[in-house]
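In what follows, a single structure is set out as structure tokens and then discussed.
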Amino acid sequence: MRMPYTLHPLTSLTAAGCTAVLTTAAGAWPLSLAVALAAVLLAVRAGAGQQVLVAASAVLLPLGLSLLMLHGLFFPEGRTVLAAWGPARVTAEGLAFAWESATRTGACVLVLLLFAFTVSTPDLVAALAGRGLPPQFGFVLASALTLLPAMAGRLERIRAAQEARGLVLRGGVLSRLAAVRLQMVPLVLGLIEDSGSRAEALDARGFGAPGPRTSYRQVADPPAQRRLRTTLLLITAAAVALRLVASWPAAGPA
Amino acid sequence: MTATDPTTAAAATASTAVLAARIGSFSFHGERTPALRDIDLSVRPGVLTAVLGGSGSGKTTLGKLLAGWHRPGQSGTFTGSLTLAGQPLEFRGLEDDPRINPSAWSTRVGYVPQDAAAMLSTVRSTVAEELAFGLENRGTPRRDMLRAVARAAEQTGLTALLDRDPATLSGGELRRLAMACAVVQDPWVLVLDEPLASLDAAGIIQVRDLINRLTGAGTGVVLLSQSADGLARSAGHWIILDGGTATASGIPRELIRSAELARTGTLLPAVTHAVPAVRGRAPEPEAAPVLELFGLGFGYPGTGDADGEPLLRDLELTVRPGEIVAITGPNGAGKSTLLRHLNGLLRPHTGEVRIQGRSIAGIPTGRIAASVGLLFQHPRDQLFERTVLREASFGLRRLHGRDAAARADEALEAVGLAGAARTHPAELPASQQRLLALATVLARGPAVLALDEPTVGLDRHGLDRLDRAVAAAAARGAAVVLVTHDAAYARATAHRVLALDGGSLREG
């Protein structure tokens, strides 16, 4: 699962970050919607459509609902009342604000998820280390990304061991939940114990040593991409400045 | 032991030894009895030194102390000295003792743990990058790094695997990668903890070749082993470790028949399985089978061999009460996969498994467990409780009611772990972890015992316990199916030896 074209991980990171900031700064729902759609299309093209959509809905559905509840029903500035139940009023302005926020957040989340699911983690870690970021940071980043599969594997082994000794798993949700409770303690204790023995090995392999590091993995960073990153950062900075200037008098005292 | 005046001994060894250790005592923090005491060891360039001893004799602690994995002061209290390339470091167990920098020390003295996977960083995506991890951390210029990685890969036969994901390597490949991770630093001394454990014949040849090449190139190699096997016999010097102390040292020829070696529980492969003590009388041919496999077929999704054939196909097996069947075959032949079908952890795609005449299709594994006990290949996959006693007692109450506690005690007694009931399973040496896993199977008194590589990591005392347990189970009428790469053990123990080859079983 890679980007269909070779982007330096920092280029895709910059592009994702700048797009998120620009969309926020613009604050126009048609743009947000377009960005969100583009992100989904790119994810599908990169073969990560399903993962991005599943992760995005896990974040966005609860968020969208809460925005709707908060702004759709209780928006003090709302004038055009569409319906009212006691203190709760559905106003056109409230709905518009909720829609605006939801599309903006949706665009940002989708763009960042697109980056997260398509970037090559080893490339990103190597690129960050090459820019002088502490190697511990890269290690934590890579560990975090490999932790979930490792935990799932260990959980599976514990379950097999318990079943082999008479733990009966039925299809029911309650039975599964009860089994998870039985497996959590060994899982956590096992992970802690693993980290202890791994620490000795990491020490012996110079992980805790001070001083400069080098990187075996090299990530090509063509000059064109470096220029693209600079341009993107400048445009974003300009857009943010423009936005601040534009909204300054309105925010200040009349 | 060299019982001469320490200063003269040091002077004599310093000229030839690249690493010399004089261990007065080493105790882990919070422990009263020292884990190691009175050991003198010197490693000469290009010489293989074997440290032999049974399970729990202190081999791993010694190896880790030599290699800076256990650091004096931080891991425990150490009195004695470590001399690297003629530079002595004296330790008196005090605050102002010298400190060992594990990063610098390990570039000179490498250690490869028994569990090879514990050596890996787990965050590198290819074998080449895993090899380079230690070099990166020490700021090695990239050009030197490329050279060192290529050289270490060539030495360890990993050149063709450099682009593979380390998580996809076989046991033998993983062991060579762990060794390569130490070799890549070009150490003067390499300490190898049970480097041949659980390798098949091909893997053993590769690792032995590698050790020969290393000693040929001048590296001093320390072998920690509980088996006086061919590799250990090729060593130039032996040290026999018993109860944390060196009871004898000298050349193999002089020590192989010594009382000191016999006491330790070290395996002597040529003689260990010579007496078929276990087998007992042959099973009744007319008795109704306990275990039957009919036309078993199974393959993991997305795998299969070159022809796309599944791992197991049309596999047939019948085992009668009291019968011991051994299944052999190379790594990856599907032996463990086959055993996992016996208790329903895996379900066949075609065919049927019958236990005591009843098909197990549709019965949950947890229920089949009442009749089938499975000893997993890796004991750590089987153990999950906080104490040895809890481990042996898990799930027994449902099976044996009030007798549960007595059953657990009895099983621990049978494997010699009755005295360790309150110990955390992770703190046991590897050999005893396997025996504990065996106890959890024995305690259930199953009709079928399925044992996956039961001999791996066991010393002679452990093997005796295993032999007795298998014999006792067969005598009470259980069917025993054991999978092993140890052909001699299979022949000595089983009534029938079958080879798993091309997905089916044939007479071996």
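Bear in mind that the values in this text are calculations on the coordinates, not laboratory data. Here the structure is a predicted model, which means the values were calculated and not measured. Neighbour counts run over all protein chains shown; Cβ positions are idealised from the backbone, glycine included.
Can you work out D for the protein assembly as shown in µm² s⁻¹ from Stokes-Einstein, where Rh is the Kirkwood radius over C-alpha pairs, the temperature is 10 °C and the viscosity is 1.306 mPa s? After rounding, the answer is 53 µm²/s. On the principal axes of its alpha carbon atoms, segment B:291-507 extends 52, 35, 34 Å, with the longest extent given first. Note on chain A: dipole from Cβ charges, positive end direction compared against A:VAL109, A:LEU242, A:ALA161; the farthest Cα belongs to A:ALA161. Sorted on the mean count of surrounding Cβ atoms within 10 Å across their residues, most packed first, peptides A:227-236, B:188-197 read B:188-197, A:227-236. Globularity index of segment A:9-119 is 1.21 (Cα radius of gyration / 2.2 N^0.38 Å, N = number of residues).
Each label was represented as a point 7 Å from its Cα along the Cα-to-Cβ direction; for B:THR159 and B:ARG233 these points are 3.3 nm apart. Treating each Cα of chain A as an identical point scatterer and summing with the Debye formula, the log10 of I(q)/I(0) at q = 0.12, 0.14, 0.15, 0.17 Å⁻¹ comes to -1.00, -1.13, -1.18, -1.27. With a simple spin-label model that places each label point 7 Å from the Cα along the Cα-to-Cβ direction, the separation between A:MET151 and B:ALA118 comes to 2.4 nm. The spacing between segment B:436-508 and segment B:160-231, judged by their C-alpha centroids, is 28 Å.
The sum of -39500 (n - 2.57) across all DSSP H runs of n ≥ 4, divided by the residue count of chain A, sets its helix-only mean residue ellipticity at 222 nm to -25000 deg cm²/dmol. How far, in degrees from 0 to 90, does helix A:223-251 lean away from the longest principal axis of the Cα atoms of chain A, to the nearest 10? Relative to chain A, helix A:223-251 is tipped by roughly 40 degrees. Evaluating kT/(6 pi eta Rh) at 25 °C and 0.890 mPa s, with the Kirkwood radius of segment A:134-204 over Cα pairs in the Stokes-Einstein relation, gives 175 µm² s⁻¹. Inter-chain neighbour count for A:211-221: the average number of beta-carbon atoms from partner chains within 10 Å of each residue's beta-carbon is 5. Based on alpha-carbon centroids, what's the gap between segment A:17-96 and segment B:126-156 in Å, whole number please? If we compute the Cα centre of each part, the gap is 49 Å. The simple Förster model, with R0 at 35 Å and r as the Cβ-Cβ distance, assigns A:ALA144 and B:ASN101 a FRET efficiency of 0.80. Helix A:92-118 and the long axis of chain A differ in direction by around 30°, with both axes built from C-alpha atoms. Look at the stretch B:128-140: the mean tally of other chain Cβ atoms within 10 Å of its residues' Cβ atoms is 6.
Rounded to the nearest 10 degrees, the inclination of helix A:173-204 to the longest alpha-carbon principal axis of chain A is 70 degrees. Report the FRET efficiency, 1/(1 + (r/R0)^6), for B:ALA488 and B:HIS29, where r is their Cβ-Cβ distance and R0 is 56 Å, rounded to 0.05. FRET efficiency, B:ALA488 to B:HIS29: 0.85. Derived scalar couplings between HN and Hα for segment A:154-169 equal 5, 4, 4, 5, 5, 4, 4, 5, 6, 5, 5, 10, x, 6, 9, 9 Hz in order, rounded to whole Hz, by the Karplus curve 6.51 cos²θ - 1.76 cosθ + 1.60 (θ = phi - 60°), x for Gly and Pro. Put a dot 7 Å past the Cα of B:ALA150, heading toward its Cβ, do the same for A:LEU63, and the two dots end up 4.9 nm apart. Taken about its Cα centre, the protein assembly as shown carries a charge dipole of roughly 1160 debye when the Cβ of each Lys and Arg holds +1 and the Cβ of each Asp and Glu holds -1.
Where the alpha-carbon atoms of chain B are placed on the principal axes, they occupy 73, 50, 40 Å, in descending order. Shielding of peptide B:108-115 by partners, expressed as the average count of other chain Cβ atoms within 10 Å per residue Cβ, is 2. Of the beta bridges in the protein assembly as shown, as assigned by DSSP with both residues counted there, near 55 percent are antiparallel.
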